[in-house]
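*Asks:* Questions regarding the structure given below will be posed in turn.
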Amino acid sequence: MLRRLLTLLAVAFLGLAAAQSQIEIFSWWAGDEGPALEALIERYEEMYPGVEVINATVTGGSGVNARAVLKTRMLGGDPPDAFQVHAGQELIGTWVVADRMEDLTFLYEEMGWFEKYPQGLIEAMSTEDGIWSVPVNIHRSNVLWYVPANLEGWGITAPDSWAEFLTICPAIQAEGVTPLAVGENWTQQHLWESVALGVLGADDYDKLWTAELPFTDPKAMEVWDVFGEVLACTNDDAAGLSWQQATDMVVGGSAAFNIMGDWAAGYMSTTLGLEPGVGYGWAASPGTDGVFMWLSDAFGLPQGIQNRENTLNWLRLVGSAEGQDIFNPLKGSIAPHLESDLSLYNAYLQSTAADWQSNRVVGSLVHGAAAKEAFMSDFATVLEIYLATGSAMNAANAAQAIATQVGLGQ
Amino acid sequence: MKLTRDRWTAILMLLPSVVLIGVFVYGFIGQTAWTSFSDWGRVSSQALAVNPEIEMVGWQNYRDLFTGFIDVRFRQDLVNTFFFTIFFLAGCLGLGLGLAFLLDQDVKGEGFFRTLFLFPMSLSFVVTGTIWRWMLQPRGGVNVLPTTVGLPAWEFRWLTDRTQIWRFDWNALPGMTGLLVAAILLVVALSSWRGGRRLRAAVALASGVMLGAWALTLGRSVALLPFPELHGFNIAFVGIILAAVWQMSGYTMALYLAGLRGIPSELREAARVDGANEIQLYRHVVLPLLQPITLSAMIILGHISLKIFDLIFAMAGADNATTDVPALLMYLTAFRANQFSKGAAIAMVLLVMVAAVIVPYLWTSLRGETRR
């Protein structure tokens, strides 16, 4: 009798233990982006009842704080079951080379994802040894934002090249308006990558990250010269403003243009309540028409985690068209999955999704797709050197020195 | 020495804290020092590997920091810390002393004012930083104050102004340091001569002259870098200094007030009887007696200013290079760029700087205690 009772207890306990199965999802999606993640988690809980989801978020845009916390956790031998990371070199250059991730080729084969994602994206997420992440969204970095009615009032149109922008710059300034609004340091780097893409073109831009085009090459140096001229058309209180405040300048009419990733569309549509195409307009940043500079949030499979099967289920959901269509309309991004249902998205997202499927794609530097973290982080210093000295030569030499030191493109 | 029961108890009581401090303070200092001599993070594939291959590279990280082309930011950070420390100390000591003198005049409601001035200290630096960030917004806070009386708003970019004053070439640093030390030695020589210590005066004079001569001749040709590199005082630090002084001057006031209360009234009365006026009283009686307080305050404030991180992180963010300090750069280098060995080297430089302030103080105060 006693033995039977004990067995019963043991079984009950085991059942409880199974029901207590967990998955910890580590991300920096707090605040405005929180609801999108919560919707996705809700769907996961419906599909896998009995799995307790621990939503571990660390605030700080672009993961500035979350990545530091993640590193201490990984070094301490306590990896979260699934962590958010920018797809591309941010994951590969830090975690894959450190041999802390599992190859996901088997999952892609099982789910048939090789046909469901654009080839360029899959290549950017892969190395010779495998494919390392499942993307959940796509943002575009090279977007020029403006208010159509304001441009009409000033009698200008969105420029097609940086040369054109620089010619209309004095006219806009004459109206007492800032031609281009920028914010704190990282938004200036963000501007730089759009200028680089516009000046170099997609091929040469890509060669920067494979170290085929040195930063000291005259073509690459020209980027800094143009960048300097563009900066002269920006607001002088930039370093004190957040990206939202820079966007506010455009919306409020004190600035004509702003270059920011398309999370700005989410901010203007949702937070400011503007209608896409009427309240705000957009174009590819000057000189980059037909090129889509992407960045993507993704999840990978860390080695040595407690709940591998739960994480795999999470990846299956995150990588499916269904999961992405739950997440992205709320987040204000598009689904990388080619079978995404576009009717769920607003006008801006539909237009950018069409670009995503037809354009040449290149990775973003500032948002982790193009270069490894060591370079990306030190690029702030390069920008600082340029701002302090105003010398394209100094900036190019510094960028090349860092590229050599961290082994960019290897 | 016989181990009595009492002694055993003492050892047992002390052992846990000795072990804990040994491991968690000195052990980790040792580990950081070791890391700073390694190449952990220089090869990015090894930075976060489970079992990273780490090689020892000696002083390479330190050489890079002080003379490497791309570590210009670290050198500017050292200069920032230098200026910040000077203004922070001067501000806190001056304001604290002034407030203490005022409160010492038997004002009504002294207790109220004392608490009022001391209150900012009870806030954490993060809170202070956040409040002051709001107040120093380029288009809000302090800058729009004049508009309340109909004047145009101020345009000063508190935390982001890029102006740099008092610029000097980093390569001139050895020569400048030499001249400074020579000047101090000459002062020492002069005061020893007056005090009648001839030998000491002669030695100080000789070394001062030699060092000065070196600084003016050979010292000029010592180039740390193959190119000129200008550093200076970033105007953007004014806002940070303001916030830091606001927070800590009340504390200095409390220290000085305690010191003032500790001066026996007989001394003041004696000075007055001797015909000293109020200014002479402070100049020749009170201030000299406050010297130990000034020293303690300088030590306490000095090590806070060298280590400052949270205030600036909350006020201007880690990425605002015009208000950067070594502690922030250490965080960015180690945990964003994965350059753990270079981050450790910055940490060791900070440790040496703080030790240079703290150790002589501990040394003299401990020696003083045993003498008693």
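The values are calculated or read from the model by the stated rules, or taken from the named source; none is laboratory data. Fair warning: this is a prediction, and the values are worked out from it, not measured in the lab. Neighbour counts run over all protein chains shown; Cβ positions are idealised from the backbone, glycine included. We work out accessible area using only protein heavy atoms, side chains counted, and drop any ligands, DNA or RNA first. Shrake-Rupley method; radii C 1.70, N 1.55, O 1.52, S 1.80 Å.
*Asks:* Given a 1.4 Å probe, how much area per residue of the stretch A:129-264 is accessible, in Å²?
*Replies:* 32
*Asks:* If you don't mind, another one. Tell me, what ³J(HN,Hα) does each residue in the stretch B:147-152 have, in order and in whole Hz, if you take phi through Karplus 6.51 cos²θ - 1.76 cosθ + 1.60 with θ = phi - 60° and put x for Gly and Pro?
*Replies:* Coupling constants for the stretch B:147-152: 5, 5, 10, x, 8, x Hz.
*Asks:* A drop of at least 20 square angstrom in accessible area, chain alone versus all protein chains together, probe 1.4 Å. Which residues of the stretch A:82-124 meet that?
*Replies:* For the stretch A:82-124, once contacts with the other chains are taken into account, A:T94, A:V97, A:A98, A:R100 lose 20 Å² or more.
*Asks:* By how many nm would the segment from B:S296 to B:W34 grow when fully extended, if each residue of separation counts as 0.36 nm and the alpha-carbon distance is taken off?
*Replies:* Once the chain is fully extended between B:S296 and B:W34, it gains 91.1 nm.
*Asks:* Related question: Pulled fully out, how much extra length does the chain show between B:L102 and B:W166, if you take 0.36 nm times their separation in residues and subtract their Cα-Cα distance?
*Replies:* Once the chain is fully extended between B:L102 and B:W166, it gains 19.6 nm.
*Asks:* Oh, and also: So what's the back-of-envelope 222 nm ellipticity for chain B, counting only DSSP H runs of four-plus at -39500 (n - 2.57) apiece and dividing by all residues, rounded to 500?
*Replies:* Mean residue ellipticity, 222 nm, calculated: -21500 deg cm²/dmol.
*Asks:* Antiparallel versus total DSSP beta bridges in the protein assembly as shown: what percent is that, nearest 5?
*Replies:* 55
*Asks:* Before I look further, what does the stretch B:1-149 give for accessible area per residue, probe 1.4 Å, in whole square angstrom?
*Replies:* Per residue, the stretch B:1-149 has an accessible area of 60 Å².
*Asks:* Tally the DSSP beta bridges in chain A and give the antiparallel ones as a percent, rounded to 5.
*Replies:* 50
*Asks:* Fully extended, how many nm does the chain gain between A:D32 and A:E46 (0.36 nm per residue separation, minus their Cα-Cα distance)?
*Replies:* 2.7 nm
*Asks:* Hey, what angle do you get for helix A:321-331 against the long axis of chain A, alpha-carbon based, 0 to 90 degrees rounded to 10?
*Replies:* The angle comes out near 50 degrees.
*Asks:* Relative to the isolated chain, which residues of the stretch B:154-168 have their accessible area cut by 50 Å² or more in the presence of all protein chains (1.4 Å probe, heavy atoms, no ligands or nucleic acids)?
*Replies:* Checking the loss per residue gives B:R157, B:T160, B:R162.
*Asks:* Right, next: Mind grabbing the interface size between A and B? I mean buried accessible area, both sides, 1.4 Å probe, in Å² to the nearest hundred.
*Replies:* Separately minus together, A and B give about 2900 Å² buried.
*Asks:* Run the simple label-point estimate for B:I11 and B:V181 please: 7 Å along Cα→C-beta, distance reported in nm.
*Replies:* Between B:I11 and B:V181, the simple spin-label model gives 4.3 nm.
*Asks:* Top mean-square fluctuation among A:D217, A:D289, A:D248, Gaussian network model of chain A, C-alpha springs under 10 Å?
*Replies:* The residue that fluctuates most here is A:D217.
*Asks:* If you don't mind, another one. So how tilted is helix A:34-47 from the main axis of chain A? Cα-based, degrees 0 to 90, rounded to 10.
*Replies:* For helix A:34-47, the angle is close to 30 degrees.
*Asks:* How many Å² of accessible area per residue for the stretch B:223-275, probe 1.4 Å?
*Replies:* Accessible area per residue: 42 Å².
*Asks:* What percentage of the solvent-accessible surface of chain A, computed with a 1.4 Å probe over protein heavy atoms, is contributed by carbon and sulfur atoms?
*Replies:* 53
*Asks:* Can you compute 3J(HN,Hα) from phi for each residue in the stretch A:115-126, using the Karplus curve 6.51 cos²θ - 1.76 cosθ + 1.60 with θ = phi - 60°, rounded to whole Hz and x for Gly and Pro?
*Replies:* These are the phi-based 3J(HN,Hα) values: 8, 9, 10, x, 4, x, 5, 4, 4, 5, 9, 10 Hz.
*Asks:* Not counting ligands, DNA or RNA, and with a 1.4 Å probe, what is B:F113's accessible surface area in Å² rounded to the nearest 10?
*Replies:* It works out to around 80 Å².
*Asks:* Given springs between every Cα pair under 10 Å in a Gaussian network model of chain B, which of B:S122, B:S192, B:S221 has the largest fluctuation?
*Replies:* In this elastic network of chain B, the residue with the biggest mean-square fluctuation among B:S122, B:S192, B:S221 is B:S192.
*Asks:* Let me ask another. Can you give me the C-alpha center-to-center distance between the stretch B:134-211 and the stretch A:141-220, rounded to a whole angstrom?
*Replies:* Here the two parts' Cα centres lie 41 Å apart.
*Asks:* Another one. Which residues of the stretch B:314-340 end up with at least 20 Å² less accessible area in the presence of all protein chains than when their chain stands alone, using a 1.4 Å probe?
*Replies:* By number: B:D319, B:A321, B:Y331, B:F335, B:R336, B:A337, B:N338, B:Q339.
*Asks:* Right, next: Can you give me the relative contact order of chain A as a percent, contacts being Cα pairs under 8 Å and 6 or more apart?
*Replies:* Relative contact order of chain A: 26 percent.
*Asks:* Could you state the angle between the C-alpha long axis of helix A:64-75 and the longest principal axis of the C-alpha atoms of chain A, as a value from 0 to 90 degrees rounded to the nearest 10?
*Replies:* 40
*Asks:* While we're on this one: Determine the distance separating the Cα centre of the stretch A:309-353 from the Cα centre of the stretch A:54-122; give it in Å without decimals.
*Replies:* 18
*Asks:* Checking understanding here: applying a Kyte-Doolittle mean of at least 0.5 and a length along the axis of at least 30 Å (C-alpha), which whole DSSP H helices in chain B pass?
*Replies:* Answer set is B:72-103, B:173-194, B:237-262, B:340-371.
*Asks:* What is the percent carbon and sulfur in the accessible area of the stretch B:1-110, measuring with a 1.4 Å probe over the protein chains and ignoring ligands?
*Replies:* With neighbouring chains kept in place, the figure for the stretch B:1-110 is 69 percent.
*Asks:* Could you give the nm distance between label points at A:E152 and A:T59, where each point is 7 Å from its Cα heading toward the beta carbon?
*Replies:* 4.0
*Asks:* Which of B:S296, B:S207, B:S305 moves the most in a Gaussian network model of chain B with Cα springs under 10 Å?
*Replies:* For chain B, modelled as a Gaussian network with Cα springs under 10 Å, the answer is B:S207.
*Asks:* On to the next question. Report the paramagnetic label zone for B:R261: residues of the stretch B:114-156 whose backbone N is under 16 Å from a point 7 Å from Cα along the Cα-to-Cβ axis.
*Replies:* B:114-119
*Asks:* A follow-up question, please. What whole number of Å gives the distance from the Cα centroid of the stretch B:235-295 to the Cα centroid of the stretch B:1-79?
*Replies:* 40
*Asks:* Give the residues of the stretch A:236-271 whose amide nitrogen is closer than 14 Å to a point set 7 Å from the Cα of B:W134 in the direction of its Cβ.
*Replies:* Correct set: none at all.
*Asks:* Roughly how many percent of the accessible protein surface of the stretch B:216-372 is carbon and sulfur, given a 1.4 Å probe and a whole-percent answer?
*Replies:* 68
*Asks:* FRET efficiency for B:L218 and B:V354, Cβ-Cβ distance as r, R0 = 41 Å, nearest 0.05?
*Replies:* That gives a FRET efficiency of 0.85.
*Asks:* Report the net charge of residues surrounding B:A243, where surrounding means a beta-carbon distance below 14 angstrom and charges are Lys +1, Arg +1, Asp -1, Glu -1.
*Replies:* The answer is 0.
*Asks:* Same structure, new question: What FRET efficiency comes out for the pair B:V25/B:R194, r = Cβ-Cβ distance, R0 = 30 Å, nearest 0.05?
*Replies:* Rounded to the nearest 0.05, the efficiency is 0.10.
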